[in-house]
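Data first, discussion second: the structure below is written as structure tokens.
Since every read-out is calculated from the coordinates, none of them should be taken as a lab result. Note that this is a predicted model, so its numbers are computed, not measured. Here the Cβ positions follow ideal geometry from the backbone for every residue, glycine too, while neighbour counts run over all protein chains shown.
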Amino acid sequence: MAFVDFSDPEDMFELLVDYVTDELSEADDSGRRKFLSGLLDSLGEMQDQFAGMTPARRIDALRELHRSVDAEFEGDPVVQHLEDCAAELERLDDGA
């Protein structure tokens with residue numbers, strides 16, 4: 001088992017990506033698979049740029065992604081994790 005440093009924004013984001021990846025691998029509904037696949041693509045693009053992003057831009061990008069979610073999936077647990085990750089990154093930034 002890998003150690004996750006919850007005070008490290010990159011570790012926090014990686015945990016989110018891993019969670020969405022796991023959810024995609026377990027999804028049995030084609031609509032949810034499509035939603036999670038698109039979300040994972042967006043997170044992958046963000047992951048490529050994450051190290052060079054300012055803390056504020058990281059938070060904004062996650063919140064933009066959250067706002068772009070189709071209403072059909074608003075209640076999906078991964079959507080809550082998007083917001084939770086943004087809130088945690090914001091907390092870490094405020095504590096810096």
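Structure notes:
- Using just its DSSP H runs of length 4 or more, each adding -39500 (n - 2.57), the chain gives a mean residue ellipticity at 222 nm of -24500 deg cm²/dmol after division by all residues.
- Environment charge of Thr54, counting only residues whose C-beta is closer than 13 Å and scoring Lys/Arg +1, Asp/Glu -1: -1
- Available extension along the chain between Ser37 and Asp94 is 17.4 nm, counting 0.36 nm per residue and deducting the alpha carbon span.
- Charge tally in the Cβ shell below 11 Å around Gly31, where Lys, Arg are +1 and Asp, Glu are -1, Gly31 excluded: -2
- Segment Glu26-Ala71, length gained on full extension (0.36 nm per residue, minus Cα span): 14.1 nm
- Our summary of shape: the Cα atoms of the chain have principal axis extents of 41, 32, 22 Å, ordered from largest down, in whole angstrom.
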